[in-house]
Amino acid sequence: MTSPPDVKSTVEPSQPLHPHRRLAVTLRVVVALAALAQLGLMLAQASIQWHAFCLTTDFAQYSQAQWLIGHGHLNPFDTISNTPLWHVQATYILWPIGLLWPITHSSFSLLVVQDAAIAGCTWVGGAWIVEAVEYRLSGRLLAQVGVVVGLVLALALNPFAFEAAFFDFHPEPIGALFLLLAARAIWRGRRVSPFVWAVLALTTGSVGTLLTLGLGLGVAVLVRGRRRQGLMIFLGGLLWLGVILAFGMSQGTTLVTSYGYLARGVHSTNGISGALALGFGIVQHPSMALHVLWHRQQPTYPILRAGGVIG
């Protein structure tokens, strides 16, 4: 991955845009319209879901947290998992989201935030694609149009994006948006903003922390000229992961409860510590996990294919 050169435009405001620049502006408008259309469809889906009471305990947890924070209870207790909220997945992004309650007086705002984050991923990803093809395919106008339109349609119409929006409320889409912004900022050669976005991704919970580790490690290994930046993000994520483990701040998962059968003899708490114990158990007894994966390959492959099997 090579960053584009920082070239300032020499076109005066009073002069007409060069055809290549006009195309870039037009493609950015296309990306924005695609993201807005996706957001509109998701909000319509969320409205139907909300009015049909088609929401489960995951939404109840976050809805309760938003209500309590919005009413000034800054150390809310989650009565569903029977633990203080700060122990549940380290989802500290819920505190600023809770401030929406005095404005909206409705937990429907959680679904709006989630849908906006997913559509934001489409917008940021599409804008990044426009910049990349403008840099890589300079002068090849038809190729730029084909690549941008094709990939943006793939982003906006990805069925798994709609499935993620339909599956209650979770902070992972917000974390994905922050990580995408961090990755794009690294590609553009920014010095400070990648760290800002990475820190915000850490606030979305243990999953966001693990994905931040992956971003930092990938940049440190693969991106020349940005390896120090990637290493700093990786080390920061690793430090935060240590804090999560040390203070038991990932008790919202049920990995061992749900998947302990994959590794015989695993007895541990849930959360990241449970995930590590489960992984160690699978290494000790791989035959059970391989057996389950083999017999569930048909429903699993479409999920992997949608986001890139290797990726």
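From the list Ala90, Ala34, exactly one residue is open to solvent by less than 70 Å² (accessible area, probe 1.4 Å), at pLDDT below 95 and among the hydrophobic types (A, V, I, L, M, F, W, C). Which is it?
Within the list Ala90, Ala34, the selection yields Ala90.
Give the residue, chosen from Gly236, Gly225, Gly307, that is within 25 Å of Leu202 (Cα to Cα), modelled with pLDDT under 75 and of a type outside the set (Ser, Thr, Tyr).
On inspection, the qualifying residue turns out to be Gly307.
Do the conditions hold for Thr83, that is, is it modelled with pLDDT under 90, open to solvent by less than 70 Å² (accessible area, probe 1.4 Å), among the β-branched types (Val, Ile, Thr) and more than 20 Å from the chain's Cα centre (by Cα)?
Spelling it out, Thr83 is indeed modelled with pLDDT under 90, open to solvent by less than 70 Å² (accessible area, probe 1.4 Å), among the β-branched types (Val, Ile, Thr) and more than 20 Å from the chain's Cα centre (by Cα).
So Ala220 ticks every box in (1) closer than 24 Å to Ile97 by Cα; (2) among the small types (Gly, Ala, Ser); (3) free of Cβ contacts under 8 Å to residues at least 60 places away in the same chain; (4) open to solvent by less than 30 Å² (accessible area, probe 1.4 Å) but one. Which box is left unticked?
Every listed condition holds for Ala220 apart from (1).
Working only within the range 94-103, note down all residues that are open to solvent by 20 Å² or more (accessible area, probe 1.4 Å) and under 25 Å from the mean Cα position of the chain (by Cα).
Within the range 94-103, Trp95, Pro96, Leu99, Leu100, Trp101 qualify.
Could you figure out which of (1) touching a residue at least 24 places away in the same chain (Cβ under 8 Å); (2) open to solvent by 30 Å² or more (accessible area, probe 1.4 Å) isn't true of Gly214?
(1)
Can you confirm whether Leu180 is under 13 Å from the mean Cα position of the chain (by Cα), modelled with pLDDT of 95 or more and closer than 21 Å to Ile303 by Cβ?
yes
Specify the residue that is surrounded by the fewest Cβ atoms within 10 Å (Cβ to Cβ); the eligible residues are those in the range 123-157 that are modelled with pLDDT of 90 or more and of a type outside the set (A, V, I, L, M).
Taking the candidates together, the pick is Gly150.
How many residues, within the range 184-206, are touching a Pro at 6+ places or on another chain (Cβ under 8 Å) and not in a loop (DSSP other than H, G, I, E, B)?
Residues that pass the stated criteria total 3.
Results for (1) over 26 Å from Ser107 (Cα atoms); (2) of a type in the set (Gly, Ala, Ser); (3) part of a helix (DSSP H, G or I), shown as yes or no for each residue.
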site	(1), (2), (3)
Gly139	yes, yes, no
Ala143	yes, yes, yes
Val147	yes, no, yes
Asp168	no, no, no
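May I ask you to say which residue of Ser106, Ser63, Ser3 is at pLDDT 90 or above, in contact with a helix residue (DSSP H, G or I) (Cβ under 7 Å, 6 or more places away or on another chain) and surrounded by 13 or more Cβ atoms within 10 Å (Cβ to Cβ)?
It is Ser63.
The values are calculated or read from the model by the stated rules, or taken from the named source; none is laboratory data. For clarity, every value in this text was computed on a predicted model and none was experimentally measured. So basically every Cβ, Gly included, is an ideal-geometry build from the backbone, and we count neighbours across all protein chains shown. With ligands, DNA and RNA removed, areas are computed over all heavy atoms of the protein, side chains included. Shrake-Rupley method; radii C 1.70, N 1.55, O 1.52, S 1.80 Å.
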